[in-house]
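Colleague: Below you'll find the structure I mean.
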Amino acid sequence: MKASMASYQSIALDLAKRIMNGEFPVGSKISGRTVLASQYSVSPETIRKAIAILKESNIVSVSQGKEIIVLSSQQACYYVRHHEEMVSAYSLSQELEALMAEKEENDKQFRKIVGEIMRYSDRLKNLSPYNPVDIRVANHSFVIGKPLQDLRMWQNTGATIVAVRRGTEIIVSPGPHAVLQADDRIVVVGAGDVWQKVTNFINKEN
């Protein structure tokens with residue numbers, strides 16, 4: 001389905017709405033093609049195509065003398081509602097396509113960041129004893145809601161935070177104003193028993 005309708009489709013829809021609203025009652029005659037062409041500022045051929053749509057939908061009839069007679073306001077109503085449903089379906093389809101494209105881009109970015117983290121971790125592993133470790137922030141931790149600069153992580157544990165995993169999101173090199181949340185997993189580097197030191201520190205109760 002195209003994003004915009006052809007002129008004759010727009011005219012057919014407008015005439016159907018006028019019939020549905022009672023401007024053209026059942027049994028009445030609609031102006032001929034030439035008059036309609038003038039009203040809509042289009043060619044008589046465009047009007048012919050528009051009327052053909054209404055005829056196929058049993059909204060009007062066209063006599064041998066090319067008189068256009070209204071047959072059914074109910075069919076006009078069905079036609080208008082069907083069009084609105086089609087537009088809604090198209091709109092949803094477009095929205096879904098946009099969301100899928102956004103998801104694909106997010107997934108691509110996620111894979112890129114994960115790859116960078118892996119490469120960074122591999123380099124760190126070669127710099128013994130500064131191996132990266134992953135530690136979960138418990139729900140009762142006192143660090144929840146506090147910016148990293150207030151935690152004085154290096155002074156208290158000798159560790160440096162290099163990344164924070166939050167669900168599917170990975171924050172690389174979080175700044176001093178980054179705030180930790182419950183269930184975050186922080187990636188830190190440090191010497192010796194850094195994992196134990198950081199675990200004990202961040203999971204003290206609030």
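Colleague: In the chain, once you exclude exposed GluC sites (Glu not before Pro) (DSSP loop, at most 16 other Cβ within 10 angstrom), what's the longest stretch remaining?
Modeller: 68-206
Colleague: For Lys55 and Glu104 in the same chain, what is the full-extension length gain: residue separation times 0.36 nm, less their Cα-Cα distance, in nm?
Modeller: Numbers: separation 49, 0.36 × 49 = 17.64 nm, distance 4.52 nm.
Length gained between Lys55 and Glu104: 13.1 nm.
Colleague: Send over a whole-number figure in Å² for the accessible area per residue of the stretch 14-117, probe 1.4 Å.
Modeller: Averaged over the residues of the stretch 14-117, the accessible area is 65 Å².
Colleague: So what are the ³J(HN,Hα) numbers for the stretch 99-110, from phi and the Karplus equation (6.51, -1.76, 1.60; θ = phi - 60°), rounded to whole Hz, Gly and Pro as x?
Modeller: With coefficients 6.51, -1.76 and 1.60, one gets 5, 5, 5, 5, 4, 4, 5, 5, 4, 4, 5, 4 Hz.
Colleague: Could you tell me the number of lysine pairs in the chain with C-alpha atoms less than 24 Å from each other, where the two lysines are 8 or more residues apart or belong to different chains?
Modeller: Close lysine pairs under the 24 Å cut-off: 17.
Colleague: How many Å² of accessible area per residue for the stretch 133-206, probe 1.4 Å?
Modeller: Accessible area per residue: 53 Å².
Colleague: Next question, about the same structure. For the stretch 30-90, what does the alpha-carbon gyration tensor say about shape, rounded, prolate or oblate, given a ≥ b ≥ c as the root eigenvalues, a/c under 1.5 as rounded, and a/b over b/c as prolate?
Modeller: oblate
Colleague: Which label marks the calculated value of percent of Cα pairs over 29 Å apart, given the options (1) 21; (2) 55; (3) 38?
Modeller: The value matching this structure is (2).
Colleague: If you place +1 on the Cβ of every Lys and Arg and -1 on the Cβ of every Asp and Glu, how big does the dipole about the Cα centre of the stretch 1-99 come out, in debye to the nearest 20?
Modeller: The calculation lands at about 440 debye.
Colleague: Using DSSP to define loop residues, name the trypsin sites (Lys or Arg not before Pro) in the stretch 1-110 whose beta-carbon has at most 14 other beta-carbon atoms within 10 Å.
Modeller: Lys2, Lys66
Colleague: Heavy atoms only, probe 1.4 Å: what % of the accessible area of the chain goes to carbon and sulfur, would you let me know?
Modeller: 51
The values are calculated or read from the model by the stated rules, or taken from the named source; none is laboratory data. Model, not experiment: these values are computed from the prediction. As a convention, Cβ positions derive from the backbone with ideal geometry for all residues, glycine included, and neighbour counts pool all protein chains shown. Heads up: the accessible areas ignore ligands, DNA and RNA and are worked out on the full protein's heavy atoms, side chains in. Shrake-Rupley method; radii C 1.70, N 1.55, O 1.52, S 1.80 Å.
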